[in-house]
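S.K.: Quick one: structure below, then a few questions.
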């Protein structure tokens, strides 16, 4: 990767990140963050803004999430936000589409422009998995997505398949199917946070955790971790 291209990508990422943070901190009054009533006010404003321009906000979120992923952004904040903004069902759907498409675009860019760089960087470390993906790339990449990418940072997960030379179709379909459990759980948590803030008159951390809108997706998440651990040991033999 040339220094010029690194500079361009880094500048784009920082521009989007800084713009988002400036907007966030302009919108949010920092000195009121310890007041629960302020969160209720924010929640009411968010619901009004989303409801008043639902399809526009859905489209803007889709574009933002897609670009965020292309620029190696983290996945979980986007999932929490989509759950808060659009609820668990629509939030799950919009995050599935935007993140999967963003990941596919990132994969294509990485495959055609940075193949040699990525292979030099990652092949030795992940060489033991190449033969697995050659046996059935869709099956193993689906399992890879389902178990959360073996603990690999999300941005790296999206470009790692370059060393396995996975087809674009298998990459996209396996991603979107493998993402479903994790994305649904995170969006449910986001939706639960929105619901708790809306219905509560005061904040109690214990009551927050005991609310079914919160503890149920957390329980699902713990179950998913256990299932993922079993799959990792069974399919990938991950001992590190």
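S.K.: With 10 angstrom as the radius, rank 224, 97 by how many other C-beta atoms surround their C-beta, starting from the fewest.
M.R.: 97, 224
S.K.: Residue 138 to residue 222: FRET efficiency via 1/(1 + (r/R0)^6), r the Cβ-Cβ distance, R0 45 Å, to the nearest 0.05?
M.R.: Using R0 = 45 Å, I get an efficiency of 0.95.
S.K.: Can you compute the modelled spin-label distance between residue 177 and residue 113, with each label point 7 Å from Cα toward Cβ, in nm?
M.R.: Inter-label distance under the simple model: 3.1 nm.
S.K.: Among 96, 156, 235, 210, what is the fewest-to-most ranking by other Cβ atoms within 10 Å?
M.R.: Working: 96 20, 156 13, 235 16, 210 10.
Starting with the residue having the fewest Cβ neighbours, the order is 210, 156, 235, 96.
S.K.: If contacts are Cα pairs under 8 angstrom and at least 6 residues apart, what is the relative contact order of segment 35-236 in percent?
M.R.: 29
S.K.: Using 1/(1 + (r/R0)^6) with R0 = 22 angstrom and r between the beta carbons of residue 208 and residue 57, what's the FRET efficiency to the nearest 0.05? Intermediate values should be presented prior to the final figure.
M.R.: Working: r = 26 Å, r/R0 = 1.20.
For R0 = 22 Å, the calculated efficiency reads 0.25.
S.K.: How many nm separate the modelled label positions at residue 44 and residue 236, each set 7 Å beyond the Cα in the direction of the Cβ?
M.R.: It is 4.6 nm.
S.K.: Next up: Expressed as a whole number of Å, what is the distance separating the alpha-carbon centroids of segment 52-97 and segment 119-193?
M.R.: 19
Each value in this text was obtained by applying a stated rule to the coordinates, not by laboratory testing. Please read all numbers here as calculations on a predicted model, not as lab measurements. Using ideal geometry, Cβ is built from the backbone for each residue, glycine included, and neighbour counts are taken over all protein chains shown.
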